[in-house]
Ligand code: F3S
């Protein structure tokens, strides 16, 4: 890598041994991926590691070293959701005690994050780009983000530029204020390697479409055609919500860090099919293909017929419109069923700042009375332990399905399960 004299000096320890180690780590990372140089980061950071698990003590020791050296990120950062929130999602006494042991370093870790540049107590969400959170990168900004669902949203929908960095490397880059120039930071790395032709009869369920794309293209860059027929041109709020969920599924079911959508995302609007690399591959997604993908998911519940314990909606965290839409949808379904409460408790996950605002609304108490809760945790962190891992959880998130034993259903089925407590006889639809 070509380093500037100032970067060379840091590498030689002129600004202290700890910053030297930071620079050495970032340079080694860049060289691994054939980066040609470091480029200045222009946007605020978003970090992936939000949990104070006792198993990652060396990471906490490293943070202590950075803090003792007086280092912090150039700009204030946001971070992924907390693993627990007992006030709004009470898992019961035994699990509370166990969570206390598993995440025994949570308080200490959050103290470290504040010293390293955490924006504020409300900054724990994966949807940091939502207006209520305010870490919304602008087009062309260079970032060093790590949370895969946020990375793909920042790249594809906002037109910012970040690689899918690993935990730790994100922080190192953001302390230096520089990132290695490779992959999705470069024009060449943003060219599409796949053309995805969506030819379904209606708008596909976003989590299912993202899953199909991710499984097929893995770390490739898809250029998606056909969605503008249903979503219209440009980026309305509902289109952004759709793409948020589709991208999270593509990033977790595969390793997609960027996609383009014809007629919709900023680079596709500007460059159209010139974004397609010569020699691109083609994947056609029709209703049969969506159905095949849906039926390929294994059921990981110990008892596939178990009564669901909870319904988890909001991985990634829900936008304001999505929370409102789910609340209205569930309340309408309860009215039709002549019930006052859902038969399965429903948790809608949304950023802390948004949840705090919504809890002040008069309708919030009614929601709670109907069995619908707002929380701001990461359901994956909540489930990824021996106590909760086998719980019969229902979700509409394909990311949560991928990383846990939660069972995926499309929204219509999720609504029916929440209200009736019964699983569908057959897995339902494939549409949004
Ligand atoms: Fe967000 Fe956790 Fe899902 S970080 S995307 S809620 S796995």
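The values are calculated or read from the model by the stated rules, or taken from the named source; none is laboratory data. Only a predicted model underlies this, so the values are computations on that prediction, with no experimental measurement involved. Cβ atoms come from the backbone with ideal geometry, glycine included; neighbour counts cover every protein chain shown.
Of note:
- Looking across the range 245-279 at every residue that is assigned to a loop (DSSP other than H, G, I, E, B) and surrounded by fewer than 20 Cβ atoms within 10 Å (Cβ to Cβ), the one that is nearest to the ligand (Cβ to nearest atom) is identified as 255.
- Hits in the range 327-350 (condition: more than 16 Å from the ligand (Cβ to nearest atom), in a loop (DSSP other than H, G, I, E, B) and surrounded by 19 or more Cβ atoms within 10 Å (Cβ to Cβ)): 342, 344
- Residue within the range 408-424 that is under 30 Å from residue 55 (Cα atoms) and within 14 Å of the ligand (Cβ to nearest atom) present: yes
- Flag for residue 276 being touching a residue at least 12 places away in the same chain (Cβ under 8 Å) and farther than 28 Å from residue 395 by Cβ: yes
- Residue 371 fulfils the conditions (1) assigned by TED's automatic domain parsing to the domain that holds residue 323; (2) at negative phi except for a single criterion, (2).
To keep it simple, each residue is scored yes or no on (1) within 21 Å of residue 252 (Cβ to Cβ); (2) modelled with pLDDT of 95 or more.
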site	(1), (2)
363	no, no
400	yes, yes
417	no, yes
426	no, no
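- From the options 44, 98, residue that is away from the ligand (no atom under 16 Å from the Cβ) and touching a strand residue (DSSP E or B) at 6+ places or on another chain (Cβ under 7 Å): 44
- Number of residues in the range 408-426 that are crowded, with 17+ Cβ neighbours inside 10 Å and either in contact (Cβ under 8 Å) with a residue 24 or more places away in the chain or assigned to a loop (DSSP other than H, G, I, E, B) (or both) equals 11.
- Against the test of being in contact with a strand residue (DSSP E or B) (Cβ under 7 Å, 6 or more places away or on another chain) and either assigned to a helix (DSSP H, G or I) or in contact (Cβ under 8 Å) with a residue 60 or more places away in the chain (or both), the options 229, 193 yield a single qualifying residue, 193.
- Reported count of residues in the range 39-59, each being more than 19 Å from the chain's Cα centre (by Cα) and under 22 Å from residue 6 (Cα atoms), is 4.
- Leading residue by the ranking (nearest to the ligand (Cβ to nearest atom)) among those in the range 351-407 that are over 25 Å from residue 106 (Cα atoms) and in a loop (DSSP other than H, G, I, E, B): 397
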